[in-house]
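Computed from the coordinates by the stated procedures, all read-outs in this text should not be read as laboratory data. If you're wondering where the values come from, they're calculated on a predicted model, not measured in any experiment. Virtual Cβ from ideal backbone geometry, glycine too; neighbours counted across all protein chains shown.
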There are 2 protein chains.
Amino acid sequence: MSKPKEVTIYDLARKLNVSIATVSRALKDDPVVSKKTKKKIFDLAEEMGYRYNHFARNLREQRTYTIGVIVPRLNSYFMSTVIAGIESVANNEGYTLIISQSSEDAGKEIASAKTMFNNRVDGMLVSLAYDTEEISHFDQFIKKNIPLIFFDRVSDHPECTSVLIDNRKGAYEATSHLIAQGCRRIVHLTATPKRNVYIDRLAGYKQALADHQIPFDEKYVLINNLSQEAGTQAAAAILQMNPLPDAIFAANDNCAVGCMLTLKKAGIRIPQDMAFAGFNNDPVSTVIEPNLTTINYPGYKMGEMSAASLINHLNGVNSIDTTNTILLRSELIIRASSLKTKSDSE
Amino acid sequence: MSKPKEVTIYDLARKLNVSIATVSRALKDDPVVSKKTKKKIFDLAEEMGYRYNHFARNLREQRTYTIGVIVPRLNSYFMSTVIAGIESVANNEGYTLIISQSSEDAGKEIASAKTMFNNRVDGMLVSLAYDTEEISHFDQFIKKNIPLIFFDRVSDHPECTSVLIDNRKGAYEATSHLIAQGCRRIVHLTATPKRNVYIDRLAGYKQALADHQIPFDEKYVLINNLSQEAGTQAAAAILQMNPLPDAIFAANDNCAVGCMLTLKKAGIRIPQDMAFAGFNNDPVSTVIEPNLTTINYPGYKMGEMSAASLINHLNGVNSIDTTNTILLRSELIIRASSLKTKSDSE
DNA sequence: TGCATCAATGTAACCGATTACATTGTTTTT
DNA sequence: AAAAACAATGTAATCGGTTACATTGATGCA
């Protein structure tokens with residue numbers, strides 16, 4: 001009773017006096033089956049409440065129609081937007097997702113990779129954890145020819161496509177903008193330089209300084225985990241500097257916000273005393289006062305692109321091998337937190 | 001070459017001169033197999049890189065070990081936290097998730113339900129969209145004895161367990177707190193009264209008014225979609241009121257924040273002119289100035305509880321039928337936005 | 001009329017597990 | 001010593017599709 005038996009192609013075949021092969025072909029709209037037969041079969045399937053059994057197909061085809069997704073965290077605005085993009089494409093194409101979060105921990109990332117491997121995903125979409133040092137845990141996929149695409153937090157692997165933005169350029173623009181506002185002592189808040197996004201943003205920052213004849217000072221680079229809490233702690237360190245910096249460029253908005261709040265409490269006026277820029281265009285950037293200047297980049301689209309190029313590859317439509325990197329556009333959004341010139345702080 | 005053949009229990013059995021039945025039993029640690037044989041089998045499986053094939057099992061067992069999850073949106077802090085909780089339990093128990101978002105649209109919710117049904121999920125976890133009027137699209141699950149659990153945005157269905165907080169109590173506490181601060185003209189921002197959460201929060205609001213001999217005024221209830229943008233628009237409406245209200249209680253933090261920002265720009269002092277309370281304890285509530293008083297409730301735990309009770313039911317451990325509602329604890333967090341008495345607005 | 005061609009359908013092996021039931025060999029009981 | 005009980009393992013059917021290859025009957029063409 002708890003298992004009312006399912007209708008199968010055998011049941012349909014029996015009722016219509018045709019073979020299961022014909023039913024199977026009809027259901028996938030194979031042109032070799034006559035229109036008349038197809039219609040009979042479709043109608044009966046509908047009537048009897050037939051449900052396709054993916055497992056039988058997967059078992060036979062040796063595919064799972066499943067994509068593994070590993071992200072650092074689910075509960076960030078950016079990541080959940082990316083996932084929404086992935087989901088829409090995958091759903092449309094009949095793929096199922098297994099989503100897992102590493103919580104920024106290499107160990108969990110390794111464990112997740114193993115789980116996904118054992119679940120026989122057809123392909124992988126990965127954004128790396130903060131502290132992942134090496135990526136040999138993905139070799140098992142490469143060896144089995146399971147395509148792997150990195151997005152946002154990527155790793156330069158010869159076999160893998162990456163979907164990301166030009167982080168260096170974004171950081172360059174943000175820093176240049178701060179310089180254009182008259183800032184010279186610019187602190188950069190970022191995470192450990194293991195991930196491309198932080199390496200590149202740092203490089204963009206340095207490049208902007210160099211191009212404007214501002215000497216780079218190691219002391220102005222503060223490394224933390226970019227949480228809001230870490231921003232608070234960074235603020236304390238910043239207040240110890242002498243002279244005080246005149247701008248802060250944080251590698252994400254959360255950290256910028258934590259830092260700003262604390263500095264404001266300490267009596268620093270923003271942007272007059274210190275200008276601020278972040279990265280990501282998190283919704284919080286329009287809540288903080290003054291609103292935060294930041295780099296906007298398209299999470300939803302990044303998810304769509306990643307999923308689409310993976311699935312194209314799986315379907316053999318479009319060889320991934322030709323495109324090794326997909327760059328999406330990013331843009332500087334200037335808000336009050338960095339506008340020293342006309343300081344209408346809202 | 002793109003498909004290096006997989007190792008199966010047949011390969012293991014052949015190499016060790018035992019039957020596949022023994023291998024199958026050994027791999028699931030069946031006590032009927034001798035320790036010695038088990039060890040041989042485990043070792044060889046490891047050595048040959050054997051991977052368990054879920055599809056063969058699922059086909060045979062007529063289960064999918066898959067749980068369907070439908071949420072209104074993925075990119076809210078609360079929901080992604082809930083999903084993280086669901087994911088941790090499901091992962092642990094060997095279940096896979098299919099996650100889909102309705103984008104607050106009943107049509108998409110219906111489509112998702114159909115997809116999940118056709119994917120033969122073993123069970124469902126659902127949080128309803130804003131505009132879902134009736135839930136007959138879930139009848140197909142009930143009919144097939146597929147357990148269905150609602151969380152947060154629930155529906156009172158005799159066959160389904162619900163996991164949620166006492167929204168009425170939360171709203172009652174928030175409103176009572178505002179009253180205790182001396183407020184009498186309290187606006188309530190909420191969504192259409194189709195979802196329990198908004199009905200109950202409104203009821204709690206009314207109850208608090210009644211218990212303090214404050215007449216309820218229909219005009220003070222503003223209905224919108226609770227986005228930040230909607231909060232902005234609500235602020236405009238509020239500014240037209242005469243006399244101005246002296247407090248705002250919003251049914252979520254986002255909307256509260258949008259409203260606060262706009263009112264502040266219009267010169268309203270918070271909390272002196274208007275006190276504020278929200279709902280959810282979204283991270284944004286500690287970014288807005290003054291920090292937002294709100295109701296905190298445990299998203300991660302809600303996810304864990306929902307998943308655990310679904311899986312227990314699937315495993316026959318613990319009949320869901322006995323518990324029809326699981327209530328989680330919520331708490332009022334008082335912050336500067338509502339503290340009129342000692343108005344140290346930070 | 002006879003043969004090639006083709007459209008439509010059928011046959012049966014296969015994918016890799018699970019498990020009821022059968023079989024074997026060993027130990028215990030009487 | 002024979003029977004009963006039991007531990008360990010084996011046999012074979014089953015889950016529901018896919019698809020290479022085979023078959024059937026109709027049509028085209030010389």
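Once you order the gyration tensor axes a ≥ b ≥ c over the Cα atoms, which shape class does region A:140-195 get: rounded for a/c under 1.5, otherwise prolate or oblate by comparing a/b with b/c?
In terms of gyration-tensor shape, prolate.
Provide the convex hull volume over Cα atoms per residue for region B:9-52, in Å³.
Taking only Cα atoms, region B:9-52 has a hull volume of 59 Å³ per residue.
Set Lys and Arg Cβ to +1 and Asp and Glu Cβ to -1, take the dipole of chain B about its Cα centre, and tell me which of B:Met124, B:Gly94, B:Tyr172 lies farthest positive.
B:Gly94
List the distances, in nm and shortest first, from the label point of B:Lys36 to the matching label points in every other copy, placing each point 7 Å from Cα along the Cα-to-Cβ direction.
The answer, with the shortest distance listed first, is 6.8 nm.
I want the antiparallel fraction of DSSP beta bridges within chain B, as a percent rounded to 5.
That works out to approximately 10 percent antiparallel.
So how strong a dipole does the protein assembly as shown carry about its Cα centre when Lys and Arg Cβ are +1 and Asp and Glu Cβ are -1, to the nearest 20 debye?
It comes to approximately 1940 debye.
Let me have the 222 nm mean residue ellipticity of chain A computed from DSSP H runs of 4+ only, each contributing -39500 (n - 2.57), with the sum over all residues rounded to the nearest 500.
Values: 12 runs with 143 residues, N = 346.
Calculated mean residue ellipticity at 222 nm is -13000 deg cm²/dmol.
Below 8 Å, C-alpha to C-alpha, sequence gap of six or more: please give me the relative contact order for chain B in percent. Don't skip to the end; give the middle numbers.
Values: 651 pairs, mean separation 57.0, N = 346.
Computed over chain B, the figure is 16 percent.
What is the projected area of the convex hull of the Cα atoms of chain B, averaged over all directions, in nm²?
Taking the Cα atoms of chain B, their convex hull projects to 22.8 nm² on average.
Which of A:Ala13, A:Ala251, A:Ala106 moves most in a GNM of chain A, Cα contacts under 10 Å?
Greatest mean-square fluctuation among the candidates belongs to A:Ala13.
Could you give the size of the charge dipole of region A:175-241 about its Cα centre, using +1 on the Cβ of each K and R and -1 on the Cβ of each D and E, expressed in debye and rounded to the nearest 20?
That gives region A:175-241 a dipole magnitude of about 40 debye.
Nearest 5 percent is fine: what portion of the DSSP beta bridges confined to the protein assembly as shown is antiparallel?
In the protein assembly as shown, DSSP labels about 10 percent of beta bridges as antiparallel.
Report the residue, chosen from A:Thr22, A:Thr286, A:Thr96, that carries the largest GNM mean-square fluctuation when chain A is represented by alpha-carbon nodes joined by springs under 10 Å.
A:Thr22
Can you list residues whose amide H is under 5 Å from B:Asp131's amide H, if they're 5+ apart or on another chain and H is modeled 1.01 Å from N?
Amide H neighbours of B:Asp131: B:Ala106.
Cut-off is 10 Å between beta-carbons; in what order do B:Phe78, A:Phe151 appear when sorted fewest neighbours first? If you can, show how the numbers build up before the last one.
On the way: B:Phe78 23, A:Phe151 28.
With the fewest neighbours first, B:Phe78, A:Phe151 line up as B:Phe78, A:Phe151.
Which of B:Thr161, B:Thr64, B:Thr37 ends up with the largest GNM mean-square fluctuation for chain B, with Cα atoms connected below 10 Å?
B:Thr37
Distances from A:Asn315 to the same position in the other copies: list them in nm, one decimal, shortest first, using label points 7 Å from Cα along Cα→Cβ.
So the distances to the same position in the other copies read 3.9 nm.
Hey, which aspartates and glutamates would be in cross-link range of A:Lys40, C-alpha to C-alpha under 17 Å, not counting anything within fewer than 8 residues on its own chain?
A:Asp11, A:Asp29, A:Asp30
If amide H atoms are built 1.01 Å from N in the plane of the peptide, which residues on other chains or at least 5 residues away come under 5 Å of the amide H of A:Asn224?
Amide H neighbours of A:Asn224: A:Thr190, A:Ala191, A:Thr192.
Measuring from a point 7 Å out along Cα→Cβ, what nm distances, shortest first, does B:Val18 have to its partners in the other copies?
Those separations, rounded to one decimal, come out as 4.7 nm.
Loop-only trypsin sites (Lys or Arg not before Pro) in region A:1-40, please: DSSP not H, G, I, E or B, and at most 15 other Cβ atoms within 10 Å.
Hits after loop and neighbour filter: A:Lys5, A:Lys28.
Explain nothing, just the number: dipole magnitude of region A:147-258 about its Cα centre with +1 on each Lys and Arg Cβ and -1 on each Asp and Glu Cβ, in debye rounded to the nearest 20. Before the final figure, lay out each step's value.
Details: 10 positive and 12 negative charges, 39 e Å.
Dipole of region A:147-258, to the nearest 20 debye: 180 debye.
Over all Cα pairs of region B:188-284, how is the pair count split among 10 Å bins, expressed in % and running from 0 up to the last occupied bin?
16, 52, 30, 2
Using the structure shown, list the pairs from B:Lys38/B:Lys301; A:Lys265/B:Lys340; A:Lys38/B:Lys114; B:Lys114/B:Lys169 with a Cα-Cα distance above 28 Å, or answer none.
From B:Lys38/B:Lys301; A:Lys265/B:Lys340; A:Lys38/B:Lys114; B:Lys114/B:Lys169, over 28 Å: B:Lys38/B:Lys301; B:Lys114/B:Lys169.
What fraction of the Cα pairs in the protein assembly as shown, stated in percent, has a spacing above 49 angstrom? Walk me through the numbers on the way to the answer.
Numbers: 52908 of 239086 pairs.
That tail contains 22 percent of the Cα-Cα pairs.
Based on DSSP, what percent of beta bridges with both residues in region A:236-346 are antiparallel, to the nearest 5?
If we restrict to bridges inside region A:236-346, about 40 percent are antiparallel.
If the reach is capped at under 14 angstrom between alpha carbons, list the aspartates and glutamates near A:Lys35, excluding any in the same chain fewer than eight residues apart.
A:Asp43
So what is the relative contact order of region A:9-52, in percent, for Cα pairs below 8 Å that sit 6 or more residues apart?
Relative contact order for region A:9-52 comes out at 32 percent.
Residue by residue, what Karplus-based ³J(HN,Hα) values in Hz, rounded to whole numbers, does region B:129-140 have, using 6.51, -1.76 and 1.60 with θ = phi - 60° and x for Gly and Pro?
6, 3, 9, 5, 8, 9, 10, 5, 5, 9, 4, 4
Based solely on C-alpha atoms, express the radius of gyration and the Dmax of region A:70-118 in angstrom.
When restricted to Cα atoms, region A:70-118 yields Rg and Dmax of 11.6, 32 Å.
Amide H neighbours of B:Ile326 under 5 Å, at least 5 residues apart or on other chains, H built in the peptide plane: list them.
Distant-sequence amide H within range of B:Ile326: B:Ser162, B:Val163, B:Leu164.
Can you find, among B:Cys183, A:Gln272, B:Val284, the residue sitting farthest towards the positive end of the charge dipole of the protein assembly as shown, where Lys and Arg contribute +1 and Asp and Glu -1 at Cβ?
It is B:Val284, whose Cα lies furthest towards the positive end.
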